[in-house]
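A short write-up of the structure that comes next.
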C-alpha cells in the first residue's frame, strides 16, 4: 500500500488512527502491529511470512546473545552477533541479489550455465529497510545501547511499523525502543505530524510526480537534443529528491502522529558544498547506519594508515551502492561516490571548501553537477543506456542543441521546475526565520497562510490520485 | 498562536479525512456486497489478493466528488501552465485535442487500405457502388495549431490512405479541405472540448457527401433545399456541455462548449427503427431523429454527453422517409461521427441504413451488405477508429450463391392482441433447419385494429426463451416500397421459430395486424 493512495488515506489511515486513539497501553501496540502487517500484506501477502520469519530469527538470536553475555560467555555472544548479522545479510542477499549473481555468473562463465541455475526469486517489498532495522536491533542490544526486547510483538512492531517499514527512514532501535514500551502523544505532536505528513504528501504528489512525467519522457525518448537531455536529468534530480524526501516526511509525520520520534532523513541535499556534505544531507538514516555499524567499527577516519582509510571508505561505498539494488549501475554509482569521497577525505576538501569562498563558488556547482550526472546513472536500467544518455547531455549523438519537444516541455513544466528548485533549497525556511526575528506578527500570518496552502495543496494532490495520475515511487523497490 | 494554528491544522486534517472517508462508505459497502462474495471459494491468499485489487479499483472508480476533483486537477494544471492534461493537449486556438494514438504513424494502415480496397472490389462484383469518406481529425492540415513539439500523424496517414485508394480506383471523398481547411474552420465545425464535429461540421460533410453520391448514382442534387443551411433553424444552448476531452481535463482547463442543433424548416416525416434496442420513432425530424432530452434540460457535466442529441451509437439504424426527394437506398458504415450526418441524410434519401461495426455482431459486414443490397455503400470513420473497424469487414467470408428453395409461399398471417398483451405475437409453424439461411418476404402489412407505425419480427427459441434477432420495420414505408425483406441465419442449436408481432414488440398494445403474402425461402448451399 502507498501512502499516496486513496485506500490508504480514506480507509486504512482513519481506521488505524481512530481505533489507535480509542485504545490504551499495550493494546495500542498490538493494534499497530496488526495494521502494519495488513499494510504490508496489501502489497504481497506471501512476503509477510518471510518477514515474520526474519523477525523471529532476530528475536531468538538476540535473546540467546544476551543470555550468553549475562553468563559471561562473551566470545560466544560475539559469535552469536556475527551469526545474526550473517543470517540477516544472507537473507537479504538471497532475496535481493541471488538472481543478479546467478545471471552474471552465467553471462561471465557460459560453460558453467548447466551448473548454475537461473534463479527468479521475487523481491519482498522493503526488504533492505526492514533487514537493516533488524540488524540495528541486534547490534544496539549487543552494544547495550538498548535493552533486549523480550516481547516478540514489540520487536515485531519495531520492524514492521507501517510508517517506515517499506521505504524508511531506517529507524535505529535505540531511537524508538523507549517509545515502544511507553509513549506520550500530545495533540501538539500529533499536529506537528500532520503538518509533516502534508509537506511530504504535497512534495510527492505535486512536485515528484509531475517531474516524473517529464523525466520519463526524456529518458524514454530514442533521440534527444542536448537541452532535452539536460532537462530530463534535472527533472529526475528533482523527482528523486521530492519522491524520497516526500515519502520520508510522510513516514516521519505518521510516526509523530503515533508518538514515535522518527528522525529527519533529508536536509536540503542539493545545497551541499561537497559530496561528503551531500551524503550527510541525503538519506541521512542510511548514511548514519553505515557510519555507525560499518564505518566506525572498521575504525572510521581515526586510522593511522591512509590505505586503511581508503579501505574503510571503499567498503562503505561499495555497500551503499549494492544496498540500492542488484544492478551494475547502482554498484558503479556507489563506487563513483566512493572514489570522490575518498579523494575529498584525503585532501581534507570539506574543510578547505568551507573556509574559502572562491573554492566554494567553484566546487559547489561541481558537486551539484556530479550529483545530477550520478542520478542519470542511477536512473538508467543498463550501463549502455546511461552512457547513451550522458553522451546526449554533452552533445555526442544528440539531435542538435535543442528540439521542439524541449520548448513544449519548458512551456508545460517550466513554472513547476522553478518552484521545485526553489523548494529544494532552504530559502523559504530561512526567510520565515528572518521574518520571525524582525516582524513576529507578519511571521505568524505567513505561517498560517502556509498551513492553509498545505491543506489546499493536499486537496489538489488528492485530485491527482482521483485522476489515477502518474504515481510511481522510486525507493519502493529497495 | 503558532501552536493553536498548528492544532487547527491537525483538526482540519482529521475532519477532511473523516469527511471523505464517510462520504465513500458506499464504496466499502459495495465491495462487501458485490466483490468479496465472488472470492469466497478461493484460498485465503488468493482471496486477499483479489479483494485488494477489487477494493482499490472501486475506490478509483467510485470515489465521491470525483467530478469536483477532476475540476480541481484541471484548474491546477491550468495555473501551472501545463499544455497537456491527462492525454489532452490545448491547441493554439484554445481547443482541446486528444493525443495518444495520433502521436505515432498508424502501423495498421496497410491492412486498413487492403480491407477497404478489398471491400470495394467485392461490392463492385455485386454491382454496388462504394464511397470511402475521409473524415477530418480535429486538426488543421499542417498541424500548426499544435503546441511546438507535438506532431500528429492523422493527416499524413489520411494522405497515404487516400493516395492508395486512388491508386486502386476506389472512390473516396476527402472532407478535410472543406471542413477543416483552417484553424477558424476547425473552430466553426468542431467542438472545443469534444473530439466530434458539431452540427455545422456534420452539415458541411453531408453537403459534400450528397453531391458526391449524386455524381455516382446520377441524380440531381443541385437544387435540393435540404442542402441549404438557410432552410434549417439553428437552436443554440450556451455553455451547455463538457465533451469527451473536457471530461478528462475538467472545465477549468478546457472551458465549456455551446451546443447547436439544426432543425429543418421544411416539413418532414421520418421513421427511425433501432432493432437491437426495440426502439421505433416516427414523426417530424425533431421528434424522430433528435434526442431532445439532452437539449431540453441542463445535462450533468460528467455523466451525460450532449452529442447523443444526434442519436445513440447502435449496431443498426434504419431511417425511412417516404417524402424524401431522392428515392435511393444508402447504407452507411460508420462510427459516432456519422450520427448527425445520418439524420441530415434521412431528409434526402428514402432509405438510410446505418451499421456501426463496434456493435454489430450478427454477421460480417460483407454479408450484411449482400443482404441489404443498397444503392450505394458509404464508409465514414473518424481517422482514429478506421483501422480498428477495418478488422471487422469479413471480406473473405461470402459464400457462393446457389439459389434458394421456397418453403412457404404466399401465406397470410393474422395476429390479434389485446390491451393486456395477450397473443401479442404469432409463431410461424414452418420448422426451420439449424445452420441454414432463410429469406422472409412480406408483401403488405395491414392494421386491422389499433394503431402502430411499426412492426417487429423475431427469430425466437421457445425452449430457451431467447431471441436471436428481432428486426423492426416502418409499416407505411414497407407497404409503399415493395414490402419487407428479411434475411437471417438460424443458429446451429435449438428449435427456432419466426414470430410475427402485432405491432412493435413490447411497445405497442392492443393492435391486430394482418401480414399478407408471406413467403419463406431457404438458401441452397
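The values are calculated or read from the model by the stated rules, or taken from the named source; none is laboratory data. These figures come from a predicted structure and were not determined experimentally. Reconstructed Cβ throughout: ideal geometry from the backbone, glycine too, with neighbour counts over all protein chains shown.
Some notes on this structure:
- Pairs are defined by a Cβ separation below 8 Å, a sequence spacing of at least 6 or placement on different chains, a first member in the range B:1-26 that is at the interface with chain A (Cβ under 7 Å from one of its Cβ atoms), and a second member that is outside any helix (DSSP H, G or I); the pairs so defined are B:20/B:64; B:20/B:65; B:24/B:63; B:24/B:64.
- Just one of (1) at the interface with chain A (Cβ under 7 Å from one of its Cβ atoms); (2) within 37 Å of the chain's Cα centre (by Cα); (3) surrounded by fewer than 18 Cβ atoms within 10 Å (Cβ to Cβ); (4) free of Cβ contacts under 8 Å to residues at least 24 places away in the same chain fails for residue B:66. It is (4).
- Single match in A:340, A:310 (criterion: assigned to a helix (DSSP H, G or I), buried (at least 18 other Cβ atoms within 10 Å of the Cβ) and over 20 Å from the mean Cα position of the chain (by Cα)): A:340
- Per-region count, the range B:131-147, residues in a loop (DSSP other than H, G, I, E, B) and touching a residue at least 60 places away in the same chain (Cβ under 8 Å): 4
- Criterion violated by residue A:359 - all others in (1) away from every other protein chain (no Cβ under 14 Å); (2) modelled with pLDDT of 90 or more satisfied: (2)
- Strands (runs of 3 or more DSSP E) fully within the range B:411-516 counting 3 or more residues that are in contact with a helix residue (DSSP H, G or I) (Cβ under 6 Å, 6 or more places away or on another chain) and closer than 26 Å to residue B:349 by Cβ: none
- Residue match in the range A:20-28 (condition: away from chain B (no Cβ under 14 Å) and either in contact with a strand residue (DSSP E or B) (Cβ under 8 Å, 6 or more places away or on another chain) or crowded, with 17+ Cβ neighbours inside 10 Å (or both)): yes
- Test set (1) surrounded by 22 or more Cβ atoms within 10 Å (Cβ to Cβ); (2) at pLDDT 95 or above; (3) away from chain B (no Cβ under 14 Å) - residue A:173 fails condition number: (2)
- Against the conditions (1) in contact with a strand residue (DSSP E or B) (Cβ under 8 Å, 6 or more places away or on another chain); (2) on the phi > 0 side of the Ramachandran plot, residue B:255 satisfies every one except (1).
- Pairs with Cβ under 8 Å, 6+ apart, first in the range B:115-130 and touching a residue at least 12 places away in the same chain (Cβ under 8 Å), second assigned to a strand (DSSP E or B) and surrounded by fewer than 17 Cβ atoms within 10 Å (Cβ to Cβ): none
- Flag if residue A:364 is buried (at least 16 other Cβ atoms within 10 Å of the Cβ) and within 20 Å of residue A:230 (Cβ to Cβ): yes
- Test: residue in the range B:217-226 that is surrounded by 20 or more Cβ atoms within 10 Å (Cβ to Cβ) and modelled with pLDDT of 95 or more: yes
- Positions within the range A:29-39 being more than 10 Å from every other protein chain (Cβ to nearest Cβ) and under 12 Å from residue B:52 (Cβ atoms), in sequence order: A:39
- Yes/no for residue A:239 being out of contact with any helix residue (DSSP H, G or I) (no Cβ under 8 Å at 6 or more places or on another chain) and more than 12 Å from chain B (Cβ to nearest Cβ): no
- One residue stands out in the range A:434-470 among those that are within 8 Å of chain B (Cβ to nearest Cβ) and without any contact (Cβ under 8 Å) to a residue 40 or more places away in the chain: the one that is nearest to residue A:202 (Cα to Cα), namely A:459.
- Top-ranked residue of the range B:143-174 - restricted to ones that are surrounded by fewer than 22 Cβ atoms within 10 Å (Cβ to Cβ) and out of contact with any helix residue (DSSP H, G or I) (no Cβ under 8 Å at 6 or more places or on another chain), ranked as nearest to residue B:90 (Cα to Cα): B:156
- Within the option set B:313, B:335, B:339, B:353, being modelled with pLDDT under 90 and farther than 19 Å from residue B:224 by Cβ holds for one residue only, B:313.
- Of everything in the range B:303-332 that is surrounded by fewer than 21 Cβ atoms within 10 Å (Cβ to Cβ) and more than 20 Å from the chain's Cα centre (by Cα), the residue that is nearest to residue B:371 (Cα to Cα) is B:328.
- Exclusive hit being within 30 Å of residue A:223 (Cα to Cα) and more than 28 Å from the chain's Cα centre (by Cα), set A:412, A:380: A:412
- Some residue of the range A:390-401 being part of a helix (DSSP H, G or I) and facing chain B (nearest Cβ under 8 Å): no
- Among the candidates A:88, A:99, residue that is at pLDDT 90 or above and either surrounded by 14 or more Cβ atoms within 10 Å (Cβ to Cβ) or on the phi < 0 side of the Ramachandran plot (or both): A:88
- Boolean, residue A:377 is buried (at least 17 other Cβ atoms within 10 Å of the Cβ), modelled with pLDDT of 90 or more and within 14 Å of another protein chain (Cβ to nearest Cβ): no
- Strands (runs of 3 or more DSSP E) lying entirely in the range B:166-269 (those with 2 or more residues that are without any contact (Cβ under 8 Å) to a residue 40 or more places away in the chain): B:232-241, B:257-264
- Residue tally, condition modelled with pLDDT under 90 and assigned to a loop (DSSP other than H, G, I, E, B), over the range A:150-168: 3
- Filter result (exposed (fewer than 13 other Cβ atoms within 10 Å of the Cβ) and away from chain A (no Cβ under 11 Å)) within the range B:77-102: B:94, B:100
- Any hit, the range A:364-371, residues being more than 14 Å from chain B (Cβ to nearest Cβ), free of Cβ contacts under 8 Å to residues at least 60 places away in the same chain, farther than 19 Å from residue A:213 by Cβ and assigned to a loop (DSSP other than H, G, I, E, B): no
- Subset of the range B:40-57 [at the interface with chain A (Cβ under 9 Å from one of its Cβ atoms) and either touching a residue at least 12 places away in the same chain (Cβ under 8 Å) or out of contact with any helix residue (DSSP H, G or I) (no Cβ under 8 Å at 6 or more places or on another chain) (or both)]: B:44, B:49, B:55
- Look at (1) within 13 Å of the chain's Cα centre (by Cα); (2) at negative phi; (3) in contact (Cβ under 8 Å) with a residue 24 or more places away in the chain and you find that residue A:294 fails only one, number (1).
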